[in-house]
1. If you take the beta carbon distance between Glu64 and Lys178 as r and set R0 to 30 Å, what does 1/(1 + (r/R0)^6) give as a FRET efficiency, to the nearest 0.05?
2. How far is helix 139-161 tilted off the main Cα axis of the chain, in degrees rounded to 10, range 0 to 90?
3. Check the chain and count each lysine pair with an alpha-carbon distance under 19 angstrom, considering only pairs eight or more places apart or from different chains.
4. The list (i) -0.22, -0.52, -1.28; (ii) -0.27, -0.58, -1.16; (iii) -0.27, -0.59, -1.28 gives values of log10 I(q)/I(0) by the Debye sum over Cα atoms at q = 0.08, 0.12, 0.18 Å⁻¹, and only one came from this structure; which label was calculated from it?
5. Using only Cα atoms, find the angle between the long axis of helix 85-101 and the longest principal axis of the chain, and express it within 0 to 90 degrees, rounded to the nearest 10.
6. Name the most mobile residue of Gly42, Gly92, Gly53, meaning the one with the largest mean-square fluctuation, in a Gaussian network model of the chain with Cα contacts below 10 Å.
7. Which whole-number percent gives the relative contact order of the chain, counting Cα pairs below 8 Å spaced six or more residues apart?
8. Rank by packing, highest mean first: peptides 139-150, 75-86, with packing defined as the count of other Cβ atoms within 10 Å averaged across residues.
Amino acid sequence: MTAQPTKKPGHLLGDLDKNELINRIIRVDHAGEYGAKRIYEGQLAILGDSNDGDVLREMAVAEERHLETFNKLIVERRVRPTALMPLWQVAGYALGVGTALLGREAAMACTVAIEEVIEEHYADQSAELNKLPDKDAEPVLKKVIDEFREEEVQHRDIALANEAEQAPGYPILSSAIKTGSRLAIWLSERV
C-alpha cells in the first residue's frame, strides 16, 4: 500500500505554507490600503472643498494609518510588494475622481462597495490566521487585521449614512466596483 501525501490544511489563499500565506496577506493588504489612499485622494481633489470634504478626509486619515502599518510590515517581514503598485496608483485615483465627478452619493457608494469587499476579505484572512497551529500563530497580524476590519465597517456605515444608496445606478455602480476590488485583491496576492 502506497502512502498518500498529506495535504496542508486548506487556506483561503490555496494550500500555502505559513510564510507564503503571511506574505500574501501582507502584500495584498498593503496594496489595498494604498489603493484606498489613492481613491480618497481622487475624491478629495473633486469634493475636498464641499460639505463632504471633512467626512472624506476623516476616512482618508484612517486609510493612511492603515497604509503606514502595512508599509512597516512589508519592510519588517521582507515581503515583496505587488508589482502592480503603479497600476493601483492610477486606478485608485481614477476611481476616486470618477466617482466624485458622478456626485457625492456616487463617491459614498464607492466607499460602501469597497468596504463591503474589504470587510469580507479581512474576515477571511482573520479566519485563515485562526487556522494556524499555536506554534505558528500570528497574534499581532491578526489583531491588526481585526482592528482595521472594524474601521472599514465604520467607513461603510458612514458612507451609507451619507446617502450612498441614492447614487444614480447604485446597484450597477456597486457591483462594478466590487468586481474590480475582488479582481484587484486576486491579482495583488499573486503578482
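Just so it is clear, none of the values below were taken in a lab; they were calculated from the coordinates. Being a predicted model, the structure only gives us computed values, none of them experimental. Reconstructed Cβ throughout: ideal geometry from the backbone, glycine too, with neighbour counts over all protein chains shown.
1. Details: r = 23 Å, r/R0 = 0.77.
Efficiency for this residue pair is about 0.80.
2. Helix 139-161 and the main axis of the chain meet at about 30 degrees.
3. So the count works out to 17.
4. Correct label, based on the coordinates given: (ii).
5. The angle comes out near 30 degrees.
6. Gly53
7. 28 percent
8. Working: 139-150: 15.5, 75-86: 13.0.
Final packing ranking: 139-150, 75-86.
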